[in-house]
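Here is the structure we will look at.
The numbers here are math on the coordinates, done by the rules we state, and not lab data. Keep in mind the model is a prediction, meaning the values are calculated, not measured. Note: ideal-geometry Cβ built from the backbone for every residue, glycine included; neighbour counts use all protein chains shown.
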Amino acid sequence: MSEPAYAATATGPRDGPVVVLLHSIATSSEMWSQQVPIWSRFFRVLNVDLPGHGATPAHADRTSFVDLAAGVCATMDRHEVERASIVGLSLGGMITQALLIHHPDRVRSAVFAHTVAQSTPAVRDVWDQRIGAVEETGMAGQVEGTIE
């Protein structure tokens, strides 16, 4: 099964170096709204809504980091991007790591912001609680905790 492409906007010079922006959980591509106008003067910026966020519907059966990385690649393909610099914040940084492991030829460079490669049992417990809350109340229930 091929991965679905995600909703994304592309701005900036068509022939410029490409930067893909991957947001944190319970946010959307809108979180980059202050940066995109400036960065898109110099770069082709592909601003992605991850599944269950912004304009991309949730894909309940495609939630592993491998799946999410493949979805980013499908999104890059849809926008005719072969290789890009990836900026990943939190969840976006975890997906960026999966991109580097499973699709290293697609990544020119990477920025990891407020993310982890491995979590402790305490952090996994927090994530399990957040996943349970999302299953009960949807992503809207994650906004307040994310803002904190």
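Below, the figures for the structure above:
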{"quantity": "Nonlocal amide H pairs with ALA110, under 5 Å, H built at 1.01 Å", "calculated": "ILE86"}
{"quantity": "Per-residue [θ]222 nm for the chain (sum of -39500 (n - 2.57) over DSSP H runs n ≥ 4, rounded to 500)", "calculated": "-10500 deg cm²/dmol"}
{"quantity": "Share antiparallel - DSSP beta bridges, the chain, percent rounded to 5", "calculated": "25"}
{"quantity": "Relative contact order [Cα under 8 Å, 6+ residues apart], segment 27-135, whole percent", "calculated": "19"}
{"quantity": "Cα shape, segment 105-148, gyration tensor, a/c 1.5 rule", "calculated": "prolate"}
{"quantity": "GNM top mover of ARG14, ARG78, ARG124 - the chain, alpha-carbon springs below 10 Å", "calculated": "ARG124"}
{"quantity": "For VAL72, net neighbour charge (Lys/Arg +1, Asp/Glu -1) across residues whose Cβ lies under 15 Å away", "calculated": "-2"}
